[in-house]
């Protein structure tokens, strides 16, 4: 009888410890998840800012000015256009 | 009065008497009852009704805070960003809590780029809440929070940026400070763009700093991106061509819209005057108006091809039928209709080519008002397009019953009927799509094409394409619509402006055309309001804008040329030699 009681008590203690450990684990994982989500959000934000920066640099007015002034480019004149057609 | 006799407590005669049995018992019982009540109360609070107290306790430190969601991006058809929200932070303080050392104040002031006195003034405010600085870049905000100052808090906000600025201003519209769409696509697609904020539970300390995340109640749901049909490159080409024309002709306003005639997508839509959506400090209503979609005008001669098409479709005329144009004058009732240039007799092709009012009226007179109304209605005039754009106008098309003969006549050349520029451009899809009208779309169409509606026969549409090519040709009204490498077709319009019910000597010049003629791909509609630098004819003011836009757009789309690549040769000018042309261009 006493033996059975001792056994049951130890089971209860073990499961209680298990609950504590699981809860601790869950908290840890949750905070990790939160951190990762925050990081994902930060990266998303950074990506947005990079896109913004890219589209500012690649603004067509800027590209056009650079092409015309720095590189001396212009629209091709008729004699210099070659049309390539795919024959099916 | 008897004399006083001193009595000590120990010798008090009352003590001698002895107490009754029930009195101490009563006291004891009373005390026990009190204890029982306390125990019962404790048991009630701890055992049976513990939720209430627990909730009260929790509410002292645990908080549900909202998690903001990001507003969706707006991109062009190739995925280039046109509108994007990036987070910014606002720094605020609770002045009674913000007790800072002078060194800390100086540090904070330099980070916030504020004067120390100004900061001190704000921090000594009597209010419970003051903003120190709004919309700070996240980088600076992080350094502020790293200082860990008491009573200084931050809140996340979003700011919307439009990298293309004024080029796409009217199409995109803008949002309010609360990130809610106010105009344009931002308003039209607000439901898709806006995110759903989430919430999470956190534990906060006495100062309100978050010390532990407990659980996520609802994850935030970011807004979805909107992919427009717009092609950023074509939009830019249209924008610069329009801006140039506005300056050259000292015009009041102007608009250009470019449609993909195959899919009905709106590839570009620009208006002038425009505004910078990133800095809207002093805006006027004129700058804000999206004239392409919301302003109606009497289109003038761009309406004529529809009358010719109707006459062809009913078999009343052939392209070569000669119409007596009465030397450019005719009288209906008390009104006289006249042509700009007089021609004795013109073929139907000639009427369109020379843009003869009289010839068009003669064709229109062969129809009943009902027949004409039915065609206008089928072309979509008088009804808004329902693109979902705020403030879309539908123009005015009065019921056929109320038409007087003179009105039927003027409507045939585009007066007494009003449309928006986009309606006019769309109506021209009947010519490019072999007689079918296609619904338009602001967003990129990835699925199958939208259902179309037949208005004219394919044969009629093909004939009209030829006529409109002649109209944009050397002998037509708009030789300046010609571009290198592609065959173009189109019709000019020069309409008197209506002001207070009277026609004035102010004009609206327009041009609606398409290219390449052999297999139409683009429809470009141009409208210039009140050109006042001498020229006002559509062929001189609007057609060159068309040429610029169509040429650039066709090249941007990589459409194969359908005309020989010869240098343009304008009458009265020497043909440009290749080397010289290179310099000029």
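Read the figures in this text as sums done on the coordinates, not as results from a lab. Treat the numbers as computed from the prediction; the structure is a model and nothing was measured. Cβ: placed from backbone, ideal geometry, glycine included. Neighbour counts: every protein chain shown.
So for chain B, averaging the separation of alpha carbon pairs under 8 Å that are six or more residues apart and normalising by length, what relative contact order in percent results? Mind showing how you got there, number by number?
Details: 1183 pairs, mean separation 73.9, N = 585.
Here the relative contact order equals 13 percent.
Restricting attention to chain B, close to 95% of DSSP beta bridges with both partner residues there are antiparallel. Of all the Cα-Cα pairs you can form in region B:313-417, what percent are over 17 Å apart? So the portion of pairs separated by more than 17 Å is 57 percent.
With one equal scatterer per alpha carbon and no solvent term, the Debye-computed log10 I(q)/I(0) for region A:2-74 at 0.11, 0.12, 0.22, 0.23 1/Å reads -0.60, -0.65, -0.94, -0.97. Of B:460, B:168, B:368, the sequence from fewest to most neighbouring Cβ atoms within 10 angstrom is B:368, B:460, B:168. Annotation: for a label point projected 7 angstrom from Cα along Cα→Cβ of residue B:214, residues of region B:46-68 with backbone N closer than 17 Å are B:50-67. Rg then Dmax, both in Å and based on the Cα atoms of chain B: 39.0, 154. Each peptide among B:82-91, B:274-283, B:419-428, B:492-501 gets the average number of other Cβ atoms lying within 10 Å of its residues, and from highest to lowest they stand as B:419-428, B:82-91, B:492-501, B:274-283.
Which order do peptides B:174-183, B:358-367, B:446-455 fall in by mean Cβ count within 10 Å, highest first? Show your work: numbers first, answer last.
Details: B:174-183: 16.9, B:358-367: 22.3, B:446-455: 11.8.
Output ranking for B:174-183, B:358-367, B:446-455: B:358-367, B:174-183, B:446-455.
Counting Cβ atoms of other protein chains within 10 Å of each Cβ in B:77-87 and taking the mean gives 3.
Kirkwood-type hydrodynamic radius, the protein assembly as shown: 31.2 Å, calculated from all non-identical alpha-carbon pairs.
From the alpha carbon centroid of region A:54-88 to that of region B:378-428 is 40 Å. Seen from all directions on average, region B:5-78 presents a Cα convex hull projection of 13.2 nm². Looking at the protein assembly as shown, the DSSP beta bridges with both ends there are about 95 percent antiparallel.
Per residue of peptide A:46-55, the mean number of Cβ atoms on other chains within 10 Å of the residue Cβ is 5.
Sorted ascending by nearby beta carbons within 10 Å, beginning with the fewest, B:440, A:43 become A:43, B:440. Normalised by 2.2 N^0.38 Å, where N is the number of residues, the alpha-carbon radius of gyration of region B:65-227 equals 1.23.
Just subtract the alpha-carbon distance of residue B:159 and residue B:45 from 0.36 nm times their residue separation and send over the number in nm, one decimal.
Working it through step by step, the gained length comes to 36.1 nm.
Cα-based values for region B:465-570, radius of gyration first and Dmax second, are 14.5, 49 Å. Take the Cα coordinates of region B:80-128, assign each an equal point scatterer, and use the Debye formula without solvent to give log10 I(q)/I(0) at q = 0.13, 0.25, 0.26 Å⁻¹. Result of the Debye calculation: -0.40, -0.98, -1.04. For region B:241-371, with equal point scatterers placed on the C-alpha atoms only and solvent neglected, what are the log10 I(q)/I(0) values from the Debye formula at q = 0.16, 0.18, 0.20, 0.21 1/Å, to two decimals? Scattering profile of region B:241-371, log10 relative to I(0): -0.94, -1.02, -1.10, -1.14. Each residue in B:415, A:24 was given a count of other beta-carbon atoms within 10 angstrom of its own, and listing them fewest first yields A:24, B:415.
Its convex hull of Cα atoms gives region B:344-502 a direction-averaged projected area, equal to a quarter of the hull surface, of 11.8 nm².
Can you give the translational diffusion coefficient of region B:440-484 in µm²/s, computed by Stokes-Einstein from the Kirkwood radius over Cα pairs at 10 °C and 1.306 mPa s? Provide the component values of the computation, followed by the final result.
Numbers: Rh = 13.4 Å.
For these conditions, the coefficient is 118 µm²/s.
Full extension of the chain between residue B:519 and residue B:58 yields a length gain of 158.8 nm, computed as 0.36 nm times the residue separation minus the alpha carbon distance. Length gained on full extension, residue B:182 to residue B:396, computed as 0.36 nm times the residue gap minus the Cα-Cα distance: 74.4 nm. If you look at the Cα atoms of region B:158-296, you get an Rg and a Dmax of 20.2, 67 Å.
Over all pairs of distinct alpha carbons, what does the Kirkwood formula give as the hydrodynamic radius of region B:125-191, in Å? Mind showing how you got there, number by number?
Details: mean 1/r = 0.0685 Å⁻¹.
It is 14.6 Å.
Computed packing ranks the peptides B:333-340, B:305-312 as B:305-312, B:333-340, most packed first, by mean other Cβ atoms within 10 Å.
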